[in-house]
Every structure is written in C-alpha cells, then in structure tokens.
Amino acid sequence: MKLTTSLRGRLFAGLAVFVVGTALVAGYLAYRWAFDEAIELQDAILLQVGSLAANNRLEGRLPSEGNIDGEAELLIQDLQPRGATGDSVSMRRDLPGDLSDGLQTIAWNGEQWRILVRTRSDGSRVAVGQPTANRDEVAQDSALRTIVPLGVLIPCLMVVIAIVVDRSLRPLSSLARDIDAKQSDHLEKLPVEGIPAEILPFVASINRLLERIGAMFDRERRFVADAAHELRTPITALIVQADNLERVALSEDGRDRLQSLKTGTRRTAHLLEQLLTLARYDSEAATDPSSSEFDRIVKEVVADLLPIARKKSIDLGFIRAEAVSVHAESVALGVLARNLIDNALRHAPAGGRVDVSLFAENDHVVFQVDDTGPGIPEADLDRIFEPFFRGSRARGDGTGLGLSIVRRIVERCRGAIRLENKPLSEGAGLRVRVTIPSSKPR
Ligand SMILES: Nc1ncnc2c1ncn2[C@@H]1O[C@H](COP(=O)(O)OP(=O)(O)O)[C@@H](O)[C@H]1O
Ligand SMILES: [Mg+2]
C-alpha cells in the first residue's frame, strides 16, 4: 500500500513525525536544563568548600566520597601572595598567584579549570577548583539520565499509535471486503450497524447509489418482461395462422416454406417464454414460499420429457429419488428441473444416458443431473450462466437463457449450483449439482 494514498499510512506517518519531533524538542530542553542545573549545583559546592577552606586552612586534593563520579575530585591550594616570584616552593605547578577573588574558568596545566578564589581574614588567599571536563562529565551523566525515560517511551508510543490507527481503520477494511464480496447482481444495502460516524455518510451514499442502480435494473427487467409479453399475442396469432395454412392445399415448395415458418415461430415463442421466465425470477422480490414436494415435481418433469428421451433413444431415469421438500415455488422448481434435464437430453448422444438423483444430504437437498454428453469446455464454464451465452458447442435451437434462469431460481432458494465435467473414469459427460436448503422433513 502506498504511504501517500493509504489513510493508515498517512495517519501513522503524521503522528509519528509529530511524536518524534515533540520528543526531540522535549529531550533537548530536558537535557539542557538538567545539565545547567548540575553545573550550578557544582558551583554551589565549590562555594561551600571555598568558605570552609577560607576558615580552616584545608589544603590538598579532596577525593570525592564516592557518590559522584570518582573523578570529581576537588583541588584546594593556598595561593602565593601577589607579586611573589618563584622560590623552591613555586617549582610545584602552582595556580597563578594573580587570580582575582570569585568564581572563574581558567586554563591551567593544559586543562580548563573552574576555580573559586577566597581571601582569608589574615590576607592569605585560597583557591578551590575542579577541572571543567570532570564537571561536564558529571553534569552530562545526570542530564542523560533525565532523557532515558523519554527514549524508552517513544518506541512504546509508536507501537500504541500503530495499534490504535489499525483498530480505528478496521471498519473501513471490512467495509471494502463487504463491497468486494458483493456479486454484481446483488444489490442489498450495506449494513450500517457498527459503522463509525465518519464513514456513515459514505456508506449511506453507497446505499443510495445501490438503490438507484436497483431501480434502474428493475425498470430494465420490466421493459424486457413487457416487451416479451407484448410480443406474445402477435406470435400466438402467427402460430395459429401457420397451423391454419396447413389445412390449405399447398405445393411441395409451399409446404417446405411453411415448415420453416413454423420452426421460426416456435423458436420465437420459446424465446419469449424463456425471457418472461427469466424476468419473473430476476425480480428481487423473493417471497417466502411454503414448502414444495421436490420429488413429486421432478417426477412429473421426467415423465413429461420421457417421450423426447425415447425419441432420441436416451435412457432417462432416476438413480435416487428420496421424498424431499424445499422452500420454493413449485412452478420455479419445475422450471429448474425441466431446463437441466432438457439440456442433458439435448447434449447426450443417441443411446446415451441421463441420470437424475434427488436426495437429502445433511440439511440440504441435492438435485443432480448426469449425462453422457460431451460436457462443457473449461473455457466456457466461467460464462455459461450469462444470458444468451451458448458456449462453443451449442446444440439445437436453444436460447442461451436456460442456465441463467436456473441460476436465478437457485439463488432465490438460497441454494448453490455447480457444473462439472465428469472424469473419464466416470464415463465423461456433464454433472450439474444443485443444493438447496431443505425444509422440515415430511
Ligand atoms: N448437459 C450439457 N452438456 C453439454 N453442454 C451443455 C449442457 N447444458 C448446457 N450446456 C451448454 O451450455 C449452454 C447454455 O445452456 P442454456 O443456458 O440452457 O441454453 P440453451 O440450452 O438454450 O442453449 C448450451 O448452449 C450448451 O453449450
Ligand atoms: Mg437449455
């Protein structure tokens, strides 16, 4: 995910820059203050030791008593009277005798020293001092200690920010998943429960858009249904007229033409019926129908289609036929079974078989049609449910609407449909398996 386009990335980066910036400024200030404070404290100690030395004639180097660094030693030295020139004593590397009273920083013995000079009541002078390097080291140590907690806190804060940002944006990701999971022809609204207030207007406008698209689809479906309906009457009239023509004495040629006219009108009538059926089951309004006896319906369809099977010498029959019921309109179940068995009969070769099975499996009803035809090329399987798509092996005068109708009916029953080419070991051919939640057992 690109940082600039991801809300999560932007939020995290923004907050991280802010936190690190604040921490740097706060850390710098805390360090400076603690450092200055430590230096002041050491000056105060110099002043105290200085007044002690002025009163008690202390001299030498006082090792510190441990609690500060071992190197924080103090030098206490009587100064030569002003103007005194070097005698044997001054061979020692003494502090220069011309220092003025008070606190000062001087270079001595190749080091920077912080020196306090006091004059005693008898006029002699004493100097108390410390190398500034030692003082700075002690001050640095204590200043660094003040920013250690900050250094520990920042990584923890970053982790907390990452977690909070991730949590806050989770509804967005799940919303995106919901929208992605939507099938193109399923237009129920997105749920608004649990959606954060900031995203709610967004969800609401998506829902309004879905509503408009739904209305548009409805209008289109109604148009198709109306058009098919309007065409029904003239086509019926044409069929009647063609039938009447048969009773008229016609030449051989005239009879041939009448036959193709009748085939054409029959096809058109079938197409209109399929269009009307699709429009009927395409509408969103799936009422909750009462339970239908699926086995009885399938048996009726098989009985209806037996003559066609016999004509093609196809062995059409049941492998299993359990008494099962599902929640669906019986007309729809009949349409479903008829379309699938009709397809199987159409594609099975003469002398082939079409096996119908109907049985309960767990809390579902399985309706399965196996044929011994050529199956559907894998490349066609993806599109086979699209209206008017007939694949590369279309046979006879179909419309390409049958499987679309079947799928719509299966969806209305909250079921599932699967088409698979059987492996050669099972004798090749297509297996269509429809599963529908069963209603209570009879
Ligand atoms: N049992 C089957 N065996 C092989 N191909 C099939 C079978 N059922 C359907 N098909 C393929 O799927 C296409 C679409 O089927 P369908 O929607 O019922 O339309 P139609 O039967 O009107 O052509 C068919 O044209 C055919 O190519
Ligand atoms: Mg068909």
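So the values come out like this:
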| quantity | calculated |
| --- | --- |
| On Cα atoms only, tilt of 252-282 relative to the major axis of the chain in degrees | 40 |
| Assigned charges on the beta-carbon of Lys, Arg, Asp, Glu; the stretch 200-282 dipole about Cα centre (debye) | 200 |
| Equivalent ellipsoid semi-axes, the stretch 297-338, via Cα gyration tensor eigenvalues times 5, rooted, Å | 22, 13, 6 |
| Listed residue pairs exceeding 30 Å between alpha carbons, taken from K262/K311; K189/K422; K189/K299 | K189/K422; K189/K299 |
| Gain in span if fully extended, V148 to A249, counting 0.36 nm per residue against the direct Cα distance | 25.2 nm |
| The stretch 291-437: radius of gyration and largest Cα-Cα distance (Dmax), Å | 14.2, 39 |
| The stretch 200-282: C-alpha gyration tensor shape, a/c 1.5 cut-off, then a/b vs b/c | prolate |
| At 0.692 mPa s and 37 °C, Stokes diffusion of the stretch 138-293 via Kirkwood alpha-carbon radius, µm² per second | 143 |
| The chain, helix-only ellipticity at 222 nm - DSSP H runs n ≥ 4, -39,500 (n - 2.57), divided by all residues, nearest 500 | -18500 deg cm²/dmol |
| Over the stretch 219-358: Rg over Rh, Cα atoms, Kirkwood Rh | 1.06 |
| For the stretch 350-426, alpha-carbon Rg relative to the globular expectation (2.2 N^0.38 Å, N residues) | 1.20 |
| For the stretch 359-374, Karplus couplings with θ = phi - 60° (6.51, -1.76, 1.60), whole Hz, Gly/Pro x | 7, 8, 9, 6, 9, 10, 10, 10, 10, 10, 10, 10, 10, 10, x, x |
| Shape of the stretch 129-211, Cα gyration tensor, a/c cut at 1.5 | prolate |
| Debye, to nearest 20: dipole size of the chain, +1 on Lys, Arg Cβ, -1 on Asp, Glu Cβ | 2040 |
| Other-chain or far-sequence residues with amide H under 5 Å of L401's (modelled H) | F388 |
| In degrees, nearest ten, helix 330-347 long axis to first principal axis of the chain (Cα) | 80 |
| Selected from A309, F294, L258, residue furthest toward positive end of dipole (the stretch 211-316; charges at beta carbon) | L258 |
| Mean shadow area of the chain over all directions, Cα convex hull, nm² | 42.7 |
| Alpha carbon centroid spacing (whole Å) that separates the stretch 33-48 from the stretch 119-179 | 21 |
| Using alpha-carbon coordinates, inclination of helix 294-311 to the longest axis of the chain, degrees | 50 |
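Readers should treat all values here as calculations from the given coordinates under stated rules, not as data from a laboratory. Computed from a predicted model, the values in this text were never measured in an experiment. Counting neighbours? That spans all protein chains shown, and the Cβs are built from the backbone with ideal geometry, glycine included.
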